[in-house]
Amino acid sequence: MNLILLGAPGAGKGTQAEKICERLSIPAVSTGNILREAMANGTEMGLKAKSFIDAGQLVPDEVVIGIINDRLKEDDCKNGFILDGFPRTIPQAEALDRMNVRIDRVIDIEVPDEKIASRLSGRRVCLKCGATYHTEFKKPKAEGICDVCGDNLVQRKDDMPETVLDRLKTYHEQTEPLKDFYEKKGILHIVEGQKNVEDTTALTFKALED
């Protein structure tokens, strides 16, 4: 089964991608990961991407699409894959169509903006060991101190309220129109994100079976 996962930043797409991978034994193709891999492996498209990143520029669509195309031709994608973080725009979705990539289902994880803002802005991380906490849902034993290694917890720039709002604004402007694009194809399935991850996963699996 070839899948696309949609959802705003902080909606929990990554977790659901992992759960689907485990159940269906197919790889999750994350744009960020394959960009890094392509650059590390020195592929033609990876070197092109690196030239833009080194210059402080966004990697253009044609390069991202080329890297995605190369990745989907690898053996582990023969029985299916999950695209996570691609496409992000209508032009990218149209490019995917031109590549003759069959998409069986698009799962959109829906979480209200205010819940995402609360979820992300409350996140705290330990830069030393990578442990993650939350001011409301997963508090450390001692405020501001990592339970694992005792280092100080910090709020990442990406999780600051103003940054979260900017990311959500970009999502609504550029990526949300993909819902209509795929609904017209009859392959869009909406999953309402739940408070408990397990409940969201149960709904995601149901959407795969419907």
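For segment 172-210, a residue qualifies if it is closer than 16 Å to Gly14 by Cα and either among the polar types (S, T, N, Q) or assigned to a helix (DSSP H, G or I) (or both), and the qualifying residues are Gln194, Asn196, Val197, Glu198, Asp199, Thr200, Thr201, Ala202, Leu203, Thr204, Phe205. In segment 57-72, the count of residues that are at pLDDT 85 or above, farther than 30 Å from Asn196 by Cα, of a type in the set (D, E, K, R) and open to solvent by 60 Å² or more (accessible area, probe 1.4 Å) is one or more.
Considering Lys184, Lys157, which residue is open to solvent by 90 Å² or more (accessible area, probe 1.4 Å), more than 16 Å from Pro87 (Cβ to Cβ) and either within 17 Å of the chain's Cα centre (by Cα) or not hydroxyl-bearing (Ser, Thr, Tyr) (or both)? Please lay out each step first, then the result.
Details: Lys184 fails: more than 16 Å from Pro87 (Cβ to Cβ).
Just a single option satisfies the conditions, and that option is Lys157.
The single condition from (1) at pLDDT 90 or above; (2) under 18 Å from Thr15 (Cα atoms); (3) open to solvent by less than 60 Å² (accessible area, probe 1.4 Å) that Gly130 fails is (1).
Is it the case, given these coordinates, that Met45 is in contact with a Lys or Arg (Cβ under 8 Å, 6 or more places away or on another chain), open to solvent by 30 Å² or more (accessible area, probe 1.4 Å) and assigned to a helix (DSSP H, G or I)? It would help to see each step written out before you state the result.
Details: in contact with a Lys or Arg (Cβ under 8 Å, 6 or more places away or on another chain): no; open to solvent by 30 Å² or more (accessible area, probe 1.4 Å): yes; assigned to a helix (DSSP H, G or I): yes.
For Met45, the condition - in contact with a Lys or Arg (Cβ under 8 Å, 6 or more places away or on another chain), open to solvent by 30 Å² or more (accessible area, probe 1.4 Å) and assigned to a helix (DSSP H, G or I) - is not met.
Taking first residues from segment 110-129 that are of a type outside the set (S, T, N, Q) and partners that are part of a helix (DSSP H, G or I), the Cβ contacts under 6 Å between residues at least 6 apart in sequence or on separate chains come to Asp113/Leu168; Ala117/Val164; Leu120/Asp159; Leu120/Val164; Arg123/Asp159.
Please give the number of the condition Asp166 fails out of (1) crowded, with 17+ Cβ neighbours inside 10 Å; (2) under 18 Å from the mean Cα position of the chain (by Cα); (3) not polar (S, T, N, Q). Every listed condition holds for Asp166 apart from (1).
Has segment 85-103 got any residue that is buried (at least 19 other Cβ atoms within 10 Å of the Cβ), outside any strand (DSSP E or B) and at pLDDT below 90? Yes, the conditions are met somewhere in segment 85-103. The residues in segment 111-126 that are open to solvent by 50 Å² or more (accessible area, probe 1.4 Å) and touching a strand residue (DSSP E or B) at 6+ places or on another chain (Cβ under 6 Å) can be counted, and the count is 2. If you go through segment 176-199 and keep only what is modelled with pLDDT of 95 or more and among the β-branched types (Val, Ile, Thr), you end up with Ile187, Ile190, Val191.
The values are calculated or read from the model by the stated rules, or taken from the named source; none is laboratory data. Just so it is clear, the model here is predicted, and its values are computed rather than measured. Glycine gets a Cβ as well: all are built from the backbone with ideal geometry, and neighbour counts include every protein chain shown. In case anyone asks, the SASA skips ligands and DNA or RNA and just uses the protein heavy atoms, side chains included. Shrake-Rupley method; radii C 1.70, N 1.55, O 1.52, S 1.80 Å.
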